[in-house]
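Novice: Quick one: the structure is below, questions incoming.
All of the numbers you see were taken from the coordinates with simple rules; none came from a lab. For clarity, every value in this text was computed on a predicted model and none was experimentally measured. Heads up, the Cβs are rebuilt from the backbone with ideal geometry, glycines too, and the neighbour counts pull from every protein chain shown.
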Amino acid sequence: MNRERSIQLYDTAKGVIPGGVNSPARSWAAVGGNPLFLTRGTGSRVWDADGNEYIDYVCSWGPLILGHANERVVAAITQAASEGTSFGAPTERENEIAQFVADAYESIDMVRFVNSGTEATMSALRLARAYTGRSKIVKFEGGYHGHSDALLVAAGSGALAHGVPDSAGVTESFAQDTLLSKFNDLASVDAHFTSFPDDIACVIVEPIAGNMGVVPPQDGFLQGLRDLTTKHGALLVFDEVITGFRVEYGGAQQRYGINADITCLGKIIGGGMPVGAYGGSAEVMATVAPLGAMYQAGTLSGNPVAMAAGIATLKQLQEPGVYNALGAKAASLAAGLQEVFADAEVPLRINRVGSMMTLFFNTEEVTGWESVSASDREGFGRFFHNMLEEGVYLPPSPFEAMFVSTAHTDDDIQTTLESARRALA
Ligand SMILES: *Cc1c(COP(=O)(O)O)cnc(C)c1O
C-alpha cells in the first residue's frame, strides 16, 4: 500500500502544527508510524490522501454512529448552512434538539449546548461546585473527561499511551481539589467521603469507561455511586460524551436504569459537528446564567449548522430497532474476532457494550486501570499495522474504543474477520 502523500502531508503539518496534529491521539504515538491523512468518507469507508480505502472503526472517535456523510445529515447541514451559519441569537433548532435530549433522559429537564465535550464536563464541574457550594471533585483513574485543568489527572488513553499521567501547566491547586478513585471500586470512593464528608461537590464518571479502552461498570457500581453521592449531598455527574445515544438512545442511564444529577453529552449529538451539552433537573440547571449565578457562555454555542446535524442524527436513531441491530452487528464482529484470535492462539479480551468495544491484548479480565495497563501494547501495535495493510482502520491506540456504525454491513464484518485472520498469521 502506497502512503507517500500521507507521509508528505504529515511532514508539512509538523512544520506548522504541534506534532502535526490538532489532537494528540491522531499522531499515532501509541502504535508508531505515519498517521493517515484522510480525504473522504462514505458509510463505513474512508479514503486516505493516496486513494487507499479502509473499513473505518474509528468513526471520528464516536460521533459517526450513522457512518460517514450520512445522506440525511449532509442534507440538513447543507440546508442550515444556506440559511446562515451563525447568528449569536436563539434559533428554533436549539429548542428542537433540547427537547430531544430532555425526552431521551429522564434525569434531564433542561440542557445547555456548548461546542465540545471538554466544555460540557468543565461546565458540569463548575455547576456542581456552584450548586453545592463545595470545592472537591472525585474522578476515576483512566477516566477521560476532556482537557480542562481539573480533569487532566490520571486521564486515560492519551495520558496512558504517552506515558504522561498528568499534564504540564496544570497547577497543584487544581490537582488538589481532584480526588482520584478506582473504577469499579466503591470503597475507593467511600474513603474520600469519609475524609472529606462536607467538601465533595460531585463524583464524575464515565458510566461505561471508554477512554482506557471499554471497561463496563460491574454490577452495583453505578448504583453504589448513586447511593454514596445522595447520602453525602454530592452530585453524580455522568460523562456520557461517548455513551449518550451510543449504547441506547437514552445512553448508559437507560441501559443501567440509574439517573445522574448532571449529564454531559457530546460526540453523537453533534452528528459529526463540534457540539457538547450538559443537562439536569430544572432545579440544578436554575444555577446556570442567566437564571442563576454560575456563568457559562459561548459565541458559537447552539450553532444552527451543528444543531441541524444533531437533529438529523437523533431522528434516525429514534427509528425502532436501531440499537438492537447495532448491538447484534457488533456482537457478531466481537464473536468472530474472539474465534480468529483463539485459532491463532493469541490471547484477547474483548470488552463490549452495544456498538462500542476494545480488543485488549490481555490474558486476564479487564475491569479497571490496572488490568488495562497490563495489556500487550506492542502486540496491539503490530495487529493495528497489519490490519491497516488489509484495509481496516482501527483506533491507533490499544486503549481506545472501536465503534460500529449503522453503515457497517455484514459484508464489512466478514471482510474484517478475514483480514484479522491474515493479520495474525
Ligand atoms: C471525547 C470525550 C470528551 C471530550 O470531548 P471533546 O469534544 O473531545 O472535547 C469528554 N468525555 C468523554 C467521555 C469523551 O470520550
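Novice: Report relative contact order for the chain in percent, whole number only (criteria: Cα-Cα under 8 Å, sequence separation at least 6).
Specialist: Details: 871 pairs, mean separation 96.4, N = 425.
Computed over the chain, the figure is 23 percent.
Novice: Still on this structure: Of all the stretches in the chain, which is the longest one without any exposed loop site, taking GluC sites (Glu not before Pro) in a DSSP loop (any state but H, G, I, E, B) with at most 15 other Cβ atoms within 10 Å? If you can, show how the numbers build up before the last one.
Specialist: On the way: sites that count: Glu83, Glu106, Glu345, Glu364, Glu365.
In short, 107-344.
Novice: How would Val101, Val16 line up from fewest to most surrounding beta-carbon atoms within 10 angstrom?
Specialist: Working: Val101 22, Val16 7.
Sorted ascending by nearby Cβ count, the order is Val16, Val101.
Novice: Right, next: Rounded to the nearest 500, what is the chain's calculated 222 nm mean residue ellipticity when only DSSP H runs of at least 4 contribute -39500 (n - 2.57) each, over all residues?
Specialist: Values: 15 runs with 165 residues, N = 425.
My calculation for the chain gives -12000 deg cm²/dmol from helical runs alone.
Novice: Pop the C-beta distance of Thr415 and Asp103 into the FRET formula with R0 = 45 Å and round what comes out to the nearest 0.05. Walk me through the numbers on the way to the answer.
Specialist: Numbers: r = 37 Å, r/R0 = 0.83.
Plugging the Cβ-Cβ distance into 1/(1 + (r/R0)^6) gives 0.75.
Novice: Using the 10 angstrom Cβ neighbour count as an exposure proxy, how do Ser332, Ser23 rank, fewest first?
Specialist: Numbers: Ser332 15, Ser23 10.
By the 10 Å Cβ count, ascending, the order reads Ser23, Ser332.
Novice: Related question: What number, in percent, do you get for the relative contact order of region 1-146 if the mean sequence gap of Cα pairs under 8 Å and at least 6 apart is divided by its residue count? It would help to have the intermediate numbers written out before the result.
Specialist: On the way: 107 pairs, mean separation 18.2, N = 146.
Answer for region 1-146 is 12 percent.
Novice: Whole-Hz Karplus ³J(HN,Hα) for region 380-392, in order, using 6.51 cos²θ - 1.76 cosθ + 1.60 and θ = phi - 60°, x for Gly and Pro?
Specialist: Once rounded to whole Hz, the list reads 5, x, 5, 4, 4, 5, 5, 5, 4, 4, 7, x, 10.
Novice: Mind checking which of Asn184, Asn115, Asn324 has the largest fluctuation in a GNM of the chain, springs on alpha carbons under 10 Å?
Specialist: Asn324
Novice: Taking the chain as a Gaussian network, Cα atoms linked when under 10 Å apart, which of Ala187, Ala128, Ala252 shows the biggest mean-square fluctuation?
Specialist: Evaluated over the chain, the most mobile residue of the options is Ala187.
Novice: Anyone know which of Gly391, Gly41, Gly84 comes out most mobile in the 10 Å Cα GNM of the chain?
Specialist: Result: Gly84 has the largest fluctuation of those listed.
Novice: I would also like to ask the following. Using alpha-carbon pairs under 8 Å, 6+ residues apart, how would you state the relative contact order of region 307-425 in percent? Please list the in-between numbers first.
Specialist: Details: 134 pairs, mean separation 31.3, N = 119.
The value is 26 percent.
Novice: Would you work out if region 71-317 is rounded, prolate or oblate? Take a ≥ b ≥ c from the square roots of the eigenvalues of the alpha-carbon gyration tensor; rounded if a/c is under 1.5, else prolate when a/b is larger than b/c, oblate otherwise. Before the final figure, lay out each step's value.
Specialist: Details: a/c = 1.65, a/b = 1.59, b/c = 1.04.
It comes out prolate by the Cα gyration axes.
Novice: Could you point to the residue in Gly210, Leu317, Ala81 farthest towards the positive end of region 71-317's charge dipole, with +1 and -1 charges on the Cβ of Lys/Arg and Asp/Glu respectively?
Specialist: The listed residue farthest towards the positive side: Ala81.
Novice: Would you mind ranking Lys315, Lys231, Lys329, Lys139 so that the residue whose beta carbon has the fewest other beta carbons within 10 Å leads the list?
Specialist: Ordered from fewest to most neighbouring Cβ atoms within 10 Å, Lys315, Lys231, Lys329, Lys139 come out as Lys231, Lys315, Lys329, Lys139.
Novice: FRET efficiency for Glu83 and Thr194, Cβ-Cβ distance as r, R0 = 51 Å, nearest 0.05? Let's see the in-between values first.
Specialist: Working: r = 55 Å, r/R0 = 1.09.
The formula returns an efficiency of 0.40 here.
Novice: Here is a further query. Counting only DSSP beta bridges with both residues in region 71-317, what percent are antiparallel, rounded to the nearest 5?
Specialist: 40 percent
Novice: Name the residues whose placed amide hydrogens come within less than 5 Å of the amide hydrogen of Asn351, ignoring near sequence neighbours (fewer than 5 apart) on the same chain.
Specialist: Thr358, Phe360
Novice: Now for a separate question. Quick check: pseudo-label points 7 Å beyond the Cα along Cα→Cβ at Ala286 and Ser173, how many nm apart are they?
Specialist: Distance between label points: 3.2 nm.
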